[in-house]
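Visitor: For reference, the structure I am asking about is given below.
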Amino acid sequence: MKRKNKIIIILVTLILVISGAFYWQYRVKENEKTLTIGLYTSSSWNVPNGHQYKVIDYAIRKFKQEHPNIKIKYESGIQQDDYRNWLSEKIIENKTPDLIIVPNRDFNALASEGAFKNLSSFMWQDNIKNSTFYASTLKAGQYGGQQLALPYEANPTLMVMNKTLLQKFKIKTPSYDWTPQQFYKLCHQVTYSNTKKKYYGVTMNYNWQDAQFAYGAQIFNKNDGNVELTSDRSRRAFALIENIVNDQSTFNVTSQLFDKGRVAFMPLGLAQYRTYTSYPFHITRNNKFLWKCTKMPGMEGIKATPIETTMFAISSKAKNTKGAWEFMKLLCTNKKVQREVMKTNMGCSVLPAVVKSTQAQKILDEKVINFHNLTIKKLDLIMKDGAVLPKFKDYNDNLEKLDYKIQNALKAGNLETQLFNIQLQVNQSETN
Amino acid sequence: MPKFKVLISLRRTMLWLNFFAILFNATLFIYATDYVIKTSQSYQFLESLHHIPDSPRAIFGESIISFSILAVVMSFHHHYSAFKQDTELNNTIIFVEFILAIFVFLSLRLTYNGIFLLIFVDFIISNRNQYDFRDYLVWMMVVVFLLFLLVITDYSILSHFMTLPDLTIYLNFLPSNIGPKLLVWKNFITILNLTLFILILIYFAIYQLNQENDIQNKLALASKANYELKNYAALSEYIAKDRERKRIARDIHDSVGHALTGIAAGIDATLVLIDVDKDATKKQLVKIQTAVKEGIKDVRKALNRIRPGALNNYTLQESLKKMLKEYADISRIKIDFSYHWGSADFEKTTEDVVFRIIEEAITNSLRHGHANQVSIACTKPDQKTYQMVIKDNGTGAQKIVPGYGITQMKERVAIINGKISFDGQNGFTIVVDIPAEGDMYD
């Protein structure tokens with residue numbers, strides 16, 4: 001009787017375990033047949049873009065040639081502004097797509113919550129070296145020492161100038177390696193020119209963060225994310241901003257003013273620059289001056305160019321990890337796909353090999369009206385100059401708080417005396 | 001009077017309460033998640049959660065399935081009598097239940113640990129008849145383990161060691177008129193479960209105490225009866241002894257007494273006659289001789305009446321076998337008997353002694369040693385001795401205090417000029433040496 005019971009119990013358990021294993025294997029096989037991707041419809045860089053899914057569809061076609069059995073699914077029509085909420089919903093419902101597009105600003109929060117898979121082992125397996133990508137774009141996908149996302153496209157900030165205006169003041173176009181001091185000198189010269197019309201040095205979207213980058217100040221502590229505003233470099237950067245604001249005595253130096261030809265310099269994203277200097281958007285701006293662009297000013301040896309990076313990451317709960325990695329590899333490292341990214345999305349490829357190729361020059365020159373001044377060589381230099389942003393969970397929040405307080409102090413004209421207070425306030429609210 | 005039935009129905013109520021609690025907790029996850037999505041708070045929710053949550057429907061499914069398996073195992077456990085007898089099997093199934101409870105606990109993302117109380121109740125109810133279960137140490141250990149379990153499975157502690165979805169965060173995102181109410185209900189169910197648990201414990205303790213009382217009463221009754229029986233046995237033994245004593249006295253009086261009286265009278269006559277008539281004296285002496293012989297015959301007859309009846313008609317070996325078989329039949333003792341004395345022809349007295357010593361030894365083994373096996377070896381180590389070794393596997397005795405039995409054995413052996421020794425280590429051993437014919441004392 002007892003023996004019989006034991007045998008029955010063992011048999012039932014065995015049957016359960018075996019059928020469970022079979023079901024599991026079936027599920028895995030089924031999952032490998034489909035690959036889901038999370039995407040948004042418009043361009044990452046807020047520039048008009050007629051062909052929403054052109055690059056992805058191109059990549060999918062290429063992918064299908066190698067993996068005809070995998071069906072790729074994505075939900076279309078999600079706006080970039082809604083993307084964060086859409087993705088959160090999917091994560092909460094545990095319906096996260098296998099492969100997710102991740103904008104710069106969302107990366108830290110999602111990474112800190114463990115939404116992404118570590119890619120190191122995949123990269124090691126497929127022998128993808130770090131030098132394949134521009135360093136700062138690759139670093140944008142790192143969190144806590146792990147590579148959680150691969151860069152897909154980048155949008156470096158350029159310093160655009162009104163060449164006509166500079167010639168009027170007999171100013172030579174600044175060199176590529178110009179320092180913040182030189183930059184300030186030129187701004188000062190333009191702002192203090194005794195002309196009938198009031199001219200300005202730089203638009204106000206050259207902000208205090210750009211200045212910090214220029215001096216290479218680390219305003220966030222790498223370890224705990226605490227704010228450090230009183231270092232020597234930081235103070236000098238704030239002094240630069242204060243001087244510019246004081247010289248121009250107004251905050252309303254807008255890009256419209258630049259378009260009217262009244263401002264010498266304006267920081268602008270590459271995607272915007274390419275869009276507005278080419279057909280058809282150049283016409284709408286109706287500029288009557290020559291555009292030229294250069295690198296953002298920076299101290300010698302300091303990487304001062306802010307680069308926005310859009311990345312792809314594999315969901316930590318992905319059902320088809322292998323497929324996701326294969327497709328991600330195609331999107332981020334395939335030269336043809338990357339060239340298509342550069343061509344269609346107006347930003348920059350994240351692969352030096354693509355940027356340095358002659359085809360890239362053709363892409364840059366496409367439909368450009370009059371201004372053949374951005375060479376691939378320059379672009380390569382700019383991409384290599386990318387500043388690395390700190391990585392911690394509340395980076396966006398803290399930056400917003402800081403920005404609000406600093407802008408207010410700048411407006412009040414007492415930034416220098418307020419710096420220590422601001423630092424204290426932000427750090428305290430951080431710990432609370 | 002507490003009834004076991006009530007205890008069982010209390011346990012069943014607790015099982016249902018736990019089912020409800022798990023249903024409630026699992027539904028909370030679904031409800032809160034749906035609400036968060038419906039009100040587009042996903043991003044804020046995700047930010048305050050600090051990590052990627054699991055699918056609420058998966059939580060629901062997992063917890064309900066694992067609890068159902070647990071409930072099936074539990075009812076199987078209680079309705080199947082096999083577990084009630086086999087301690088090991090019973091403990092195995094309790095262990096399986098415990099593992100399943102851990103599964104339930106994990107699948108509910110550690111938000112409800114009341115399930116362990118249910119397992120504990122199951123443990124005490126199914127182990128109520130175990131002897132060592134009444135030991136305080138076992139009790140203490142189980143209680144300490146339970147407390148430890150309840151302490152470490154508390155969410156606020158566990159969340160420090162692993163990433164867990166905090167149910168209170170889910171509740172915080174619900175509208176302010178619903179969230180706190182649900183939390184109150186959740187706590188109420190938990191407290192209700194705890195109350196039920198305590199109630200069961202108290203009821204169990206009362207039930208157990210009552211049972212103990214019952215047993216004690218019955219034991220007292222039994223010991224009283226036992227005492228009376230002992231008295232009766234002592235009395236009857238005394239009566240039997242008395243009767244035997246009277247019979248022996250009568251025998252002696254009838255046989256030896258008559259003969260000796262006759263002899264005494266005859267000798268008186270010869271004393272008078274010896275100087276008068278030698279021939280008449282001789283005749284008288286012959287008469288006295290006959291009387292003496294008659295007397296001896298009578299004494300033998302009387303002695304024969306005292307000897308064990310068994311020895312009358314059989315050889316020693318057969319008589320012993322017969323007696324041992326009787327012993328084996330009426331008690332559970334296993335007797336190993338080996339006889340190597342061949343066809344040795346002993347005096348009747350010697351046979352008696354051997355017979356009585358074996359009888360006494362087995363009785364002692366049963367009564368004092370609680371043995372269930374006795375070996376008796378009758379060997380002849382050399383020409384001059386017969387040896388008998390009686391050994392049992394009972395409790396033995398560290399120090400041998402000679403009682404009536406042992407003294408009598410010694411006396412009996414001394415009669416036939418033999419030697420006897422006792423050993424109380426590793427059971428009880430008696431070695432008897434009997435001198436061979438020739439040296440024997442008649």
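The values are calculated or read from the model by the stated rules, or taken from the named source; none is laboratory data. This one's a predicted model, so the numbers in the text were calculated from it and none came from an experiment. Note that each Cβ is placed from the backbone with ideal geometry, even for glycine, and that neighbours are counted across all protein chains shown.
Visitor: Out of all the residues in the stretch B:41-78, which are among the aliphatic types (A, V, I, L, M), more than 9 Å from chain A (Cβ to nearest Cβ) and touching an Asp or Glu at 6+ places or on another chain (Cβ under 8 Å)?
Guide: Kept after step one, since they are among the aliphatic types (A, V, I, L, M), are these residues of the stretch B:41-78: B:46, B:49, B:52, B:58-59, B:64-65, B:69-74.
Okay, now just the ones that are also more than 9 Å from chain A (Cβ to nearest Cβ), so B:59, B:64-65, B:69-74.
Scanning the stretch B:41-78 gives B:Leu70, B:Val73, B:Met74.
Visitor: For the stretch A:1-60, how many residues are surrounded by 15 or more Cβ atoms within 10 Å (Cβ to Cβ), outside any helix (DSSP H, G or I) and within 14 Å of chain B (Cβ to nearest Cβ)?
Guide: Total satisfying the criteria: 1.
Visitor: Can you pull out the residues in the stretch A:400-418 that are closer than 16 Å to A:Asn221 by Cβ and surrounded by 19 or more Cβ atoms within 10 Å (Cβ to Cβ)? Outline the logic, then answer.
Guide: Start the filter on the stretch A:400-418 by keeping residues that are closer than 16 Å to A:Asn221 by Cβ, which leaves A:401-402.
Within the stretch A:400-418, A:Leu402 is the sole residue that qualifies.
Visitor: Still on this structure: Just give me the residues in the stretch A:110-125 being within 14 Å of chain B (Cβ to nearest Cβ) and among the aromatic types (Phe, Trp, Tyr), in sequence order.
Guide: Correct list: A:Phe116 only.
Yes/no matrix, rows are residues, columns are (1) touching a Phe, Trp or Tyr at 6+ places or on another chain (Cβ under 6 Å); (2) aromatic (Phe, Trp, Tyr); (3) modelled with pLDDT of 80 or more; (4) closer than 23 Å to B:Lys301 by Cα:
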{"residue": "B:Lys246", "(1), (2), (3), (4)": "no, no, yes, yes"}
{"residue": "B:Ile252", "(1), (2), (3), (4)": "no, no, no, yes"}
{"residue": "B:Val256", "(1), (2), (3), (4)": "no, no, no, yes"}
{"residue": "B:Thr261", "(1), (2), (3), (4)": "no, no, yes, yes"}
{"residue": "B:Asp268", "(1), (2), (3), (4)": "no, no, yes, no"}
{"residue": "B:Ala280", "(1), (2), (3), (4)": "no, no, yes, no"}
{"residue": "B:Lys287", "(1), (2), (3), (4)": "no, no, yes, yes"}
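Visitor: Here's another thing I want to ask about it. Of (1) within 27 Å of A:Thr191 (Cα to Cα); (2) touching a Pro at 6+ places or on another chain (Cβ under 9 Å), A:Cys348 satisfies all except one. Which?
Guide: Tallying (1) within 27 Å of A:Thr191 (Cα to Cα); (2) touching a Pro at 6+ places or on another chain (Cβ under 9 Å), A:Cys348 fails exactly one: (1).
Visitor: Anything in the stretch A:387-409 that is closer than 26 Å to A:Gly347 by Cβ and in contact with a Phe, Trp or Tyr (Cβ under 6 Å, 6 or more places away or on another chain)? List them, or say none.
Guide: Scanning the stretch A:387-409 gives A:Ala387, A:Pro390, A:Lys391.
Visitor: Based on what the data block shows, is B:Phe24 buried (at least 19 other Cβ atoms within 10 Å of the Cβ) and either away from chain A (no Cβ under 11 Å) or touching a helix residue (DSSP H, G or I) at 6+ places or on another chain (Cβ under 9 Å) (or both)? Show your work before the answer.
Guide: Values: buried (at least 19 other Cβ atoms within 10 Å of the Cβ): no; either away from chain A (no Cβ under 11 Å) or touching a helix residue (DSSP H, G or I) at 6+ places or on another chain (Cβ under 9 Å) (or both): yes.
No; evaluated as a whole, the condition is false for this residue.
Visitor: Let me ask something else about it. Given the structure, is B:Thr350 hydroxyl-bearing (Ser, Thr, Tyr) and buried (at least 18 other Cβ atoms within 10 Å of the Cβ)?
Guide: On the way: hydroxyl-bearing (Ser, Thr, Tyr): yes; buried (at least 18 other Cβ atoms within 10 Å of the Cβ): yes.
Yes.
Visitor: Does A:Thr305 fit the bill of being buried (at least 20 other Cβ atoms within 10 Å of the Cβ), under 21 Å from the mean Cα position of the chain (by Cα) and touching a residue at least 40 places away in the same chain (Cβ under 8 Å)? Write out each step before concluding.
Guide: Values: buried (at least 20 other Cβ atoms within 10 Å of the Cβ): yes; under 21 Å from the mean Cα position of the chain (by Cα): yes; touching a residue at least 40 places away in the same chain (Cβ under 8 Å): yes.
It is true that A:Thr305 is buried (at least 20 other Cβ atoms within 10 Å of the Cβ), under 21 Å from the mean Cα position of the chain (by Cα) and touching a residue at least 40 places away in the same chain (Cβ under 8 Å).
Visitor: Still on this structure, please answer the following. Go through the stretch A:84-99 and count every residue that is more than 7 Å from chain B (Cβ to nearest Cβ) and without any contact (Cβ under 8 Å) to a residue 60 or more places away in the chain.
Guide: Going through the stretch A:84-99, the residues more than 7 Å from chain B (Cβ to nearest Cβ) turn out to be A:86-87, A:90, A:95-99.
When the remaining residues are screened for being without any contact (Cβ under 8 Å) to a residue 60 or more places away in the chain, the result is A:86-87, A:90, A:95.
Selection size over the stretch A:84-99: 4.
Visitor: Something else: Select, from A:Phe289, A:Phe312, A:Phe265, the only residue that is modelled with pLDDT under 85 and outside any helix (DSSP H, G or I).
Guide: Values: A:Phe312 fails: modelled with pLDDT under 85; A:Phe265 fails: modelled with pLDDT under 85.
So the residue among A:Phe289, A:Phe312, A:Phe265 that is modelled with pLDDT under 85 and outside any helix (DSSP H, G or I) is A:Phe289.
Here is a yes/no grid of residues against (1) at pLDDT 90 or above; (2) farther than 23 Å from A:Pro156 by Cα:
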site	(1), (2)
A:Asp98	yes, yes
A:Asn104	no, no
A:Asn108	no, no
A:Gly114	no, yes
A:Asn118	yes, yes
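Visitor: So how many residues does the stretch B:29-40 have that are in a loop (DSSP other than H, G, I, E, B) and either of a type in the set (Phe, Trp, Tyr) or within 7 Å of chain A (Cβ to nearest Cβ) (or both)?
Guide: So the first thing to find is which residues in the stretch B:29-40 are in a loop (DSSP other than H, G, I, E, B), and the list is B:39-40.
Keeping just the survivors that are either of a type in the set (Phe, Trp, Tyr) or within 7 Å of chain A (Cβ to nearest Cβ) (or both) gives B:40.
Of the residues in that region, 1 qualify.
Visitor: Does A:Ile382 meet the test of being touching a residue at least 60 places away in the same chain (Cβ under 8 Å) and closer than 25 Å to A:Asn118 by Cα?
Guide: On the way: touching a residue at least 60 places away in the same chain (Cβ under 8 Å): yes; closer than 25 Å to A:Asn118 by Cα: no.
So A:Ile382 fails the test.
Visitor: A further question follows. Sort out which residues of the stretch A:39-83 are touching a residue at least 40 places away in the same chain (Cβ under 8 Å), of a type in the set (Phe, Trp, Tyr) and under 18 Å from A:Lys329 (Cα atoms), and write them in order of number.
Guide: Within the stretch A:39-83, A:Tyr58, A:Phe63 qualify.
Visitor: Go through the stretch A:114-165 and count every residue that is of a type in the set (D, E, K, R), without any contact (Cβ under 8 Å) to a residue 40 or more places away in the chain and buried (at least 19 other Cβ atoms within 10 Å of the Cβ). Full working, then the answer.
Guide: Restricting attention to the stretch A:114-165, the residues satisfying the condition of being of a type in the set (D, E, K, R) are A:117, A:126, A:129, A:139, A:153, A:163.
Checking which are without any contact (Cβ under 8 Å) to a residue 40 or more places away in the chain leaves us with A:129.
Subsequent filtering for residues that are buried (at least 19 other Cβ atoms within 10 Å of the Cβ) retains none.
Residues meeting the conditions: 0.
Visitor: Kindly indicate whether any position in the stretch B:384-393 is farther than 20 Å from B:Asp433 by Cβ and either at pLDDT 85 or above or out of contact with any strand residue (DSSP E or B) (no Cβ under 6 Å at 6 or more places or on another chain) (or both).
Guide: Taking the stretch B:384-393 as the starting set, the residues that turn out to be farther than 20 Å from B:Asp433 by Cβ are B:393.
Filter once more, so that each one left must be either at pLDDT 85 or above or out of contact with any strand residue (DSSP E or B) (no Cβ under 6 Å at 6 or more places or on another chain) (or both): B:393.
Yes - at least one qualifying residue is present in the stretch B:384-393.
Visitor: Determine if the stretch A:237-247 includes at least one residue that is touching a residue at least 24 places away in the same chain (Cβ under 8 Å) and either outside any helix (DSSP H, G or I) or of a type in the set (Lys, Arg) (or both). Even if it seems obvious, please write down each step before you answer.
Guide: If we filter the stretch A:237-247 for residues that are touching a residue at least 24 places away in the same chain (Cβ under 8 Å), which is where we start, we get A:237-247.
Imposing the further condition that a residue be either outside any helix (DSSP H, G or I) or of a type in the set (Lys, Arg) (or both) reduces the set to none.
No - not one qualifying residue is present in the stretch A:237-247.
Visitor: Sort through B:Ile157, B:Ile169 and tell me the only one that's assigned by TED's automatic domain parsing to the domain that holds B:Ser55 and at pLDDT 80 or above.
Guide: Details: B:Ile157 fails: at pLDDT 80 or above.
Selected residue: B:Ile169, the only one of B:Ile157, B:Ile169 that is assigned by TED's automatic domain parsing to the domain that holds B:Ser55 and at pLDDT 80 or above.
Visitor: Here is a follow-up. Look at B:Ser66 and say whether it is in contact with a Phe, Trp or Tyr (Cβ under 6 Å, 6 or more places away or on another chain), hydroxyl-bearing (Ser, Thr, Tyr) and in the same structural domain as B:Ile22 (by TED's automatic domain parsing). I'd like the intermediate steps shown before the answer.
Guide: On the way: in contact with a Phe, Trp or Tyr (Cβ under 6 Å, 6 or more places away or on another chain): yes; hydroxyl-bearing (Ser, Thr, Tyr): yes; in the same structural domain as B:Ile22 (by TED's automatic domain parsing): yes.
Taking the combined requirement at face value, the residue satisfies it.
Visitor: I'd like to check which strands (runs of 3 or more DSSP E) are fully inside the stretch B:367-434 and have at least 3 residues that are among the hydrophobic types (A, V, I, L, M, F, W, C) and under 21 Å from B:Glu351 (Cα atoms). Steps first, please.
Guide: Numbers: elements: B:373-382, B:385-392, B:419-423.
Filter on the stretch B:367-434 gives B:373-382, B:385-392.
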